[in-house]
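The values are calculated or read from the model by the stated rules, or taken from the named source; none is laboratory data. If you're wondering where the values come from, they're calculated on a predicted model, not measured in any experiment. Glycine also receives a Cβ, built like all others from the backbone with ideal geometry; neighbour counts cover every protein chain displayed.
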Amino acid sequence: MLEEIKKVGQEALEKLSEIKTASELDDFRLEYLVKKGKVQSLFAKMREVPDEEKPQVGKELNKLKNQIENGFKELSVKFSREAESTPDVDLSLPGRKRFRGSYHPVIQIIDRMVEIFKALGFDVAEGPDIEDDFHNFDALNFPPNHPARDMQDTFFLASGDDLLLRTHTSPAQIRVMRKQKPPIRCIIPGRVYRNEAISARSLAEFHQIEGLYINKKVSLAELKGTLISFSKKMYGEDSEFRFRPSFFPFTEPSAELDISCFLCGGEGCRICKHTGWLEIAGCGMVHPNVLESGGIDPEKYAGYAFGFGIERVAMLRTGVDDIRIFYENDLRALNQF
């Protein structure tokens, strides 16, 4: 028995001296120090040792066990310290390229438009995406039978409380007029919703920037000057624009602002419907009924309002000929901007 203890001890010490990795050390533990390992097997044989030899054999076994356990602990501490000092990153590998995110092109356009209008003296206001029928239609002089109230154009909510997803950012004008006394000069950027067919020119969910100016003796000439000044800063001093008469329930007189088509140079294509022009804004003098709905006396004050479709502006600025590209999440397209 003593010879066997000596043999196991020599064998264990030799293996400990040859261990180079934590994995080899764990294999050593499984061979010698677990419940069914070689050391424990020697203790199990103690029942076969004569009584007069048991003290000596037991002494040698305990010595062997302590010797192996101490050697195991020393190597465990060594490998643990080496693991702490070894970096997780392989410094011999080439560096990894860091990819940086960017603003969506529509957000970039909104930020640029807000920057220009701020320079022209406009403040920024906001309104809720979920509106009521009064702010979205009634207060803006929409008659009860106006087509825009139809389910074909408006997303009404199922709550039954005349709630809907706003079809334009104009309802925020009423909220601003009721909270602030003239003079009022603000823009309202935001998302709007219309139950429309999705095509290269239109979406069911898109963005607008609404503008409002109310003061005494406001004229249509000021409106035209403001929009031309903005548009030249946005599209360049050489851009060509035109105003043409139109109709909106909340403005009178009303007009639409067009810019020469960026794709065909005014010659006509599918994007401009072969007219050579693209509409970029609707505008007009605020209707007296709208002023009254906002709590402002139309006998003392006048105002103008305008609204830009952001995606349409983004198409002009980026040269994209299909509005759907902005929301297809194709990074090959979006990363260009």
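Suppose we keep only residues that are touching an Asp or Glu at 6+ places or on another chain (Cβ under 9 Å) and surrounded by fewer than 20 Cβ atoms within 10 Å (Cβ to Cβ) within region 247-259. Which one would you say is farthest from residue 317 (Cα to Cα)? Only one residue fits best here, namely 256. So for region 151-165 (the condition being closer than 20 Å to residue 117 by Cα, part of a loop (DSSP other than H, G, I, E, B) and not hydrophobic (A, V, I, L, M, F, W, C)), does at least one residue qualify? No, because not a single residue in region 151-165 is closer than 20 Å to residue 117 by Cα, part of a loop (DSSP other than H, G, I, E, B) and not hydrophobic (A, V, I, L, M, F, W, C). Between a first residue in region 136-157 that is farther than 18 Å from residue 206 by Cα and in the same structural domain as residue 286 (by TED's automatic domain parsing) and a second residue that is at pLDDT 85 or above and of a type in the set (Ser, Thr, Tyr), which pairs have beta carbons less than 7 Å apart while being 6 or more apart in sequence or on different chains? If the second residue must be at pLDDT 85 or above and of a type in the set (Ser, Thr, Tyr), the pairs left are 139/293; 140/170. Among the strands (runs of 3 or more DSSP E) confined wholly to region 210-309, which include 2 or more residues that are farther than 23 Å from residue 183 by Cβ and modelled with pLDDT of 95 or more? Correct list: empty, since no element meets the threshold. Checking the stated criteria, residue 247 turns out to be free of Cβ contacts under 8 Å to residues at least 24 places away in the same chain and of a type in the set (Phe, Trp, Tyr).
Restricting attention to region 166-182, and to residues there that are polar (S, T, N, Q) and part of a loop (DSSP other than H, G, I, E, B), which single residue is farthest from residue 128 (Cα to Cα)? Give the derivation first.
The first filter runs over region 166-182 and keeps only residues polar (S, T, N, Q), leaving 167, 169-170, 173, 180.
Now drop any that are not part of a loop (DSSP other than H, G, I, E, B), which leaves 167, 169-170, 180.
Details: 167: 11, 169: 9, 170: 11, 180: 17 Å.
Among those that are polar (S, T, N, Q) and part of a loop (DSSP other than H, G, I, E, B), it is 180.
The residues of region 310-337 that are more than 20 Å from residue 193 (Cβ to Cβ), small (Gly, Ala, Ser) and in a helix (DSSP H, G or I) amount to a single one, 333.
Here is the figure for region 183-206: residues that are of a type outside the set (S, T, N, Q), farther than 18 Å from residue 140 by Cβ and part of a loop (DSSP other than H, G, I, E, B) total 8.
Beta carbons closer than 9 Å, at least 6 apart along the sequence or on distinct chains, pair a first residue in region 308-331 that is assigned by TED's automatic domain parsing to the domain that holds residue 110 with a second that is assigned to a loop (DSSP other than H, G, I, E, B) and among the charged types (D, E, K, R) for 312/201; 315/201; 315/321; 315/322; 321/270; 322/201; 323/201.
Can residue 226 be described as more than 26 Å from residue 327 (Cα to Cα), surrounded by 13 or more Cβ atoms within 10 Å (Cβ to Cβ), of a type outside the set (Phe, Trp, Tyr) and touching a residue at least 24 places away in the same chain (Cβ under 8 Å)? It is true that residue 226 is more than 26 Å from residue 327 (Cα to Cα), surrounded by 13 or more Cβ atoms within 10 Å (Cβ to Cβ), of a type outside the set (Phe, Trp, Tyr) and touching a residue at least 24 places away in the same chain (Cβ under 8 Å). Against the condition touching a Pro at 6+ places or on another chain (Cβ under 6 Å), crowded, with 17+ Cβ neighbours inside 10 Å and within 28 Å of residue 115 (Cα to Cα), how does residue 291 come out, does it pass? The answer is yes for residue 291.
Residues checked against (1) in contact (Cβ under 8 Å) with a residue 40 or more places away in the chain; (2) closer than 13 Å to residue 1 by Cβ; (3) assigned by TED's automatic domain parsing to the domain that holds residue 17:
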site	(1), (2), (3)
29	yes, no, yes
39	no, no, yes
52	no, yes, yes
77	no, no, yes
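Residues are listed down the side, and each one gets a yes or a no for (1) on the phi > 0 side of the Ramachandran plot; (2) of a type outside the set (A, V, I, L, M, F, W, C); (3) under 60 Å from the mean Cα position of the chain (by Cα):
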position: 6; (1), (2), (3): no, yes, no
position: 19; (1), (2), (3): no, no, yes
position: 24; (1), (2), (3): no, yes, yes
position: 45; (1), (2), (3): no, yes, no
position: 49; (1), (2), (3): no, no, no
position: 52; (1), (2), (3): no, yes, no
position: 58; (1), (2), (3): no, yes, no
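Only a single criterion out of (1) over 30 Å from residue 317 (Cβ atoms); (2) in contact (Cβ under 8 Å) with a residue 12 or more places away in the chain; (3) of a type outside the set (Lys, Arg); (4) surrounded by fewer than 14 Cβ atoms within 10 Å (Cβ to Cβ) is not satisfied by residue 174, namely (4).
Starting from residues that are among the basic types (Lys, Arg) and under 25 Å from residue 260 (Cα atoms), keep the ones in region 294-337 and report whichever is surrounded by the most Cβ atoms within 10 Å (Cβ to Cβ). Break it down stepwise before answering.
Residues of region 294-337 that are among the basic types (Lys, Arg), as a first pass: 300, 312, 317, 324, 332.
Pick out the ones that are also under 25 Å from residue 260 (Cα atoms) and you get 312, 317, 324.
Working: 312: 21, 317: 17, 324: 14.
Residue satisfying both the conditions and the ranking: 312.
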